[in-house]
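Student: Here's a structure for you.
The values are calculated or read from the model by the stated rules, or taken from the named source; none is laboratory data. Computed from a predicted structure; not experimentally measured. Cβ placement follows ideal geometry from the backbone for every residue including glycine, while neighbour counts extend to all protein chains displayed.
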Amino acid sequence: MIEINVDGADVDVPEGASLLSAVRAAGAELPALCSDERLSPAGSCRTCLVKADGQVVAACVTPAVSGVRVETGTDELRQLRRDAVELIVSALPPRALSENNPSELARLCQSMGLGPETAQGAGGRGGDDSHPYVHLDRDLCIACGRCVRMCSEVQGTFALTLTGRGGDTVVAPGTGGPWAESDCVACGGCVDTCPTGAITEPGPGRGLTSAQRPTATRTTCGYCGVGCALDVITSDHEVTAVLPARDGPVNQGHACVKGRFAHGYLTSPERLTRPLVRRDSRLEPVGWDEALGQVARGLREAKDTGGPDAVAVISSARATNEENYLVQKFMRVVIGTNNVDNCSRLCHSPSAAGLTASFGLSGGTDSFDDVERSDCLLVVGANPVEAHPVVGARLLRRVLGGAKLVVADPRAVGLALHADVHLRPRPGTNVALFHGLAHILLAEGLTDEEFLRERATGLPELVELLDDYPPDRVAHITGVPAADLVAAARLYGRARRPAIVYGLGVTEHLHGTDGVRSLANLAILRGAVGTDRGHGVNPLRGQNNVQGASDMGALPDLLPGYGKVTDPAVRSRAEAVWGVRLPERPGMRIPDMFAAARAGELRALWVIGEDVCATDPDANRVAEALDTCPLVVSNELFLSETALHADVVLPVASWMEKDGTFVNFDRRFQRVRPAVPAPGQARSDFDVVHALAALMGADLGCSTPGDALAECGRVAPVFAGLSHERLDREGAVPWPCPDPGRPGQAKLYQERFATPDGRAHLAAAPYLPPGETPDDDYPLVLVTGRRWAHYNSGSMTRRGGNLALDPVDVLDLHPDDAVRYGVRDGEQITVASRHGQARLIAKVSEQTAPGQAFCSFHFPASGVNRLTSDHADTVTSCPEYKVTAVRLTTG
């Protein structure tokens, strides 16, 4: 820290701080129209003039030097700043200072006594309203460059530029065309930082800034698992704007198109507002008493006919922790079965199994703040730029700041475009790839021998296995050149603080758990887990609360806190809290539920917040299971494909209408608060479970979500230090957190690993081929995943402006394959697999490798998940979404 004097008062600021930061730290007001604390300084507007040791300087670009004396409040300085502002405003049209433009500039002019008459510009430069979420008024642009720097330095998209000369300089999309056709990903950062209202959000949120946030509701985003803190601004019980929280623990004032803008679904006329019951093959609206009565009777009948195990529930990674806790308690206490699962089965169950086997706990090893400080990032099977944009932006900033980057992904997208080494393995060959990297680490002495000796086990077995994975053989299996393997291993192996970040490209395979464990081997070999020599292994969670749903025990073999249902001590602790004997046998996983339904063994299935007909693999067989099951209940926002197969549909609240908590991808508990009421008769899942339990003669206790989290802490000591009150005070707390008076553990395993022997376990699992391989009939390998504008089945993002940004499902195809199969760019094609077919639009580009294709699953009508197979991870039953053999036909 250094000390400087501001207007007679001494203030301490960090080395490297600017005078502007020092002045604001001293509590003095100073305008700065070209400055944003999140951005590099520009010094272009000259509105922050001060005197430093008697010399007039622009505070934003002048470094703070120890002992300097700064003056801000002299009449001379006030006049100089007023002259600078007046000059800027004089070129703008009068509407720049109108009452309808509550911009930073307008407020500054009001404080300086500058009225609309100061603005003398003629205007006429036009605007751009082509984008659904970002509108440009060129007449109000002062060429401060804040939006351009926000786009490049914070978002990392580089979609904006300044064009023109002199007084005609304005912001414009870098592509030169309409904003909607540019590279803009609608993060909203340019809207947030624009000081004049030149770039705004259309609609009732226009012009809202941080000055209006005291009236907002702070909550946590309900889309992906990043856990962005958001301020939801409302008027007359409707959302008018959603702004990223500047003090958000993960997002730090940033957001993506989904969290920031995709809230139109809240007021969609398609929202379910009344319960529906099937009568004569039609779903008809009824009251809650009738709907819940039918569910209760159906559950009793199923239990009486087939026993407790004839009932199952698919809980929700979209629901709060408290709702998931209550659902699994209902099944175990009221029904008497462990038949509860959640969608982590379909994405990150191999993470839970693999990380637990390697280290002892099912979450990522380090906080994202630590990961961001790494000097080498190994990003595997993930495209965070699109699937987790805020994380992607932060990682890209780290790379642009000098960190080395190795990306392992079959596609040339996102971070791969900035990688020092891009490894493009054939889908399904991850285990061989990771063994190849490990082989090189050992061969070149890039391992931590002390760590391996003192804190790990399994090295001899792994060394013996790795003899079979030299670079040349791995290159033959994976298609990755041996030289690239060596370069990647050296970057990771020679780094001082490496970190691994991975996604569903690792887990959604026939041998996904082996993939997670083989990837964890790399961190163990480097001694980069639980030490100051690295930042571990960290999965990017797909849905907002996929971590929390599993943490709360919505799993067939685990109780809250990951205690095994087969462990008498674990059951005994839960039984003492719940007051009943618990079933000892693990329940059915999601695929088992569908198989049991088709076999006539499952007689009641409750699906909460999941469109399994759209998102689960082999969708035709899923629909068959639902049609066979005597009772299917669906808790939903909309009449989804799954709801159309249900016997009872219950309208429920969305994340902006709920109270509770989520857990994000790096294990942080954060609060979720209702910003608006649920529409019509819709209820929270929490209330629905309580009401159904009461009809079945049970009192689940936990009358409020806060009570539910408190009770969960008694069942699972790992959460005992958490409460709504604490989160209200502290904002975010990671687990493990057993003590309310101590912080949670952001970095795991610093003293010992959570395995029975306290050591990290290396895994010697051989490479095995994927479940499907291409042949003459099905020559292409299809990979499925997400795109930036939509989320999962698209039920929320397709009901708003996002649909204009990404209107159809497309199939990415390499130009060589397009020529080979006679496919033209933009042509509608039929994609067929051994399991079903889908209709998509061809998009020809080099993002995919020859012989491979990629598509998303955001548009259920396309039928993408009819293509995927029933092959699943041999340990966890996670589907093999990333490898499906397909063929193409045109017309």
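Student: Could you tell me which of the residues I841, I829 is aliphatic (A, V, I, L, M), more than 30 Å from H476 (Cα to Cα) and over 28 Å from the mean Cα position of the chain (by Cα)?
Tutor: Criteria check complete, one pass: I829.
Student: Given the options A317, A312, A352, name the one that is surrounded by 24 or more Cβ atoms within 10 Å (Cβ to Cβ), in a loop (DSSP other than H, G, I, E, B) and in contact with a Ser or Thr (Cβ under 8 Å, 6 or more places away or on another chain).
Tutor: A317
Student: Which of the numbered conditions does V781 fail, given that it passes all the others? Conditions: (1) crowded, with 21+ Cβ neighbours inside 10 Å; (2) not in a strand (DSSP E or B).
Tutor: Among (1) crowded, with 21+ Cβ neighbours inside 10 Å; (2) not in a strand (DSSP E or B), V781 violates only (2).
Student: Next up: Among the residues of segment 395-403, is there at least one that is within 17 Å of the chain's Cα centre (by Cα) and charged (D, E, K, R)?
Tutor: no
Student: Do we have D616 as surrounded by 24 or more Cβ atoms within 10 Å (Cβ to Cβ), within 20 Å of S344 (Cβ to Cβ) and not assigned by TED's automatic domain parsing to the domain that holds E238 here?
Tutor: Yes; evaluated as a whole, the condition is true for this residue.
Student: Turning to a different aspect of this structure: Answer yes or no as to whether T890 is over 17 Å from G785 (Cα atoms) and either surrounded by 22 or more Cβ atoms within 10 Å (Cβ to Cβ) or more than 26 Å from the chain's Cα centre (by Cα) (or both).
Tutor: When the stated conditions are applied, T890 passes them.
Student: Having 2 or more residues that are more than 24 Å from G381 (Cβ to Cβ) and among the small types (G, A, S) is the bar; report the strands (runs of 3 or more DSSP E) wholly within segment 786-891 that clear it.
Tutor: none
Student: Separate question: Filter segment 70-109 down to the residues that are free of Cβ contacts under 8 Å to residues at least 24 places away in the same chain and among the small types (G, A, S) and list them by number.
Tutor: Result: S98, single match.
Student: Follow-up. Is there a residue being buried (at least 23 other Cβ atoms within 10 Å of the Cβ), small (G, A, S) and more than 26 Å from T240 (Cβ to Cβ) anywhere in segment 124-138?
Tutor: The answer is no, given that none of the residues of segment 124-138 is buried (at least 23 other Cβ atoms within 10 Å of the Cβ), small (G, A, S) and more than 26 Å from T240 (Cβ to Cβ).
Student: Restricting to segment 1-36, give me the number of residues that are assigned to a strand (DSSP E or B), polar (S, T, N, Q) and within 35 Å of the chain's Cα centre (by Cα).
Tutor: Selection size over segment 1-36: 1.
Student: May I pose another question? With (1) within 30 Å of R38 (Cβ to Cβ); (2) surrounded by 23 or more Cβ atoms within 10 Å (Cβ to Cβ); (3) charged (D, E, K, R) as the list, and K329 as the residue in question, which single condition is left unmet?
Tutor: (1)
Student: How about segment 245-267: which of its residues are under 18 Å from S152 (Cα atoms) and crowded, with 20+ Cβ neighbours inside 10 Å?
Tutor: Hits for segment 245-267 are N251, G253, H254, A255, C256, V257.
Student: I'm trying to understand the selection: among the residues of segment 416-441, which are assigned to a loop (DSSP other than H, G, I, E, B), within 17 Å of G505 (Cα to Cα) and not charged (D, E, K, R)?
Tutor: Hits for segment 416-441 are P425, P427, G428, T429.
Student: Which condition from (1) among the aliphatic types (A, V, I, L, M); (2) surrounded by fewer than 19 Cβ atoms within 10 Å (Cβ to Cβ); (3) under 16 Å from T193 (Cα atoms) is the one that A106 breaks?
Tutor: The single condition A106 does not satisfy is (2).
Student: Further, regarding this structure: Here are the criteria: (1) among the charged types (D, E, K, R); (2) crowded, with 24+ Cβ neighbours inside 10 Å; (3) not in a loop (DSSP other than H, G, I, E, B). Tell me which single one R621 does not satisfy.
Tutor: Just one mismatch for R621, condition (2).
Student: Given the options H418, H439, H435, name the one that is more than 17 Å from A520 (Cα to Cα), outside the structural domain of G188 (by TED's automatic domain parsing) and either in contact (Cβ under 8 Å) with a residue 24 or more places away in the chain or not hydrophobic (A, V, I, L, M, F, W, C) (or both).
Tutor: H418
Student: For segment 553-573, give me each residue that is touching a residue at least 24 places away in the same chain (Cβ under 8 Å) and touching an Asp or Glu at 6+ places or on another chain (Cβ under 8 Å).
Tutor: Selection gives A554, L555, P556, P560, G561, Y562, V565.
Student: Another question, then. Here is a check on your reading of the model: is T62 hydroxyl-bearing (S, T, Y), farther than 26 Å from A186 by Cβ and in contact (Cβ under 8 Å) with a residue 40 or more places away in the chain?
Tutor: Here the answer is yes, as T62 does meet what is asked.
Student: Follow-up. With the condition kept exactly as written, say whether any residue in segment 732-755 is surrounded by 22 or more Cβ atoms within 10 Å (Cβ to Cβ), touching an Asp or Glu at 6+ places or on another chain (Cβ under 8 Å), in a helix (DSSP H, G or I) and modelled with pLDDT of 95 or more.
Tutor: Within segment 732-755, none of the residues are surrounded by 22 or more Cβ atoms within 10 Å (Cβ to Cβ), touching an Asp or Glu at 6+ places or on another chain (Cβ under 8 Å), in a helix (DSSP H, G or I) and modelled with pLDDT of 95 or more.
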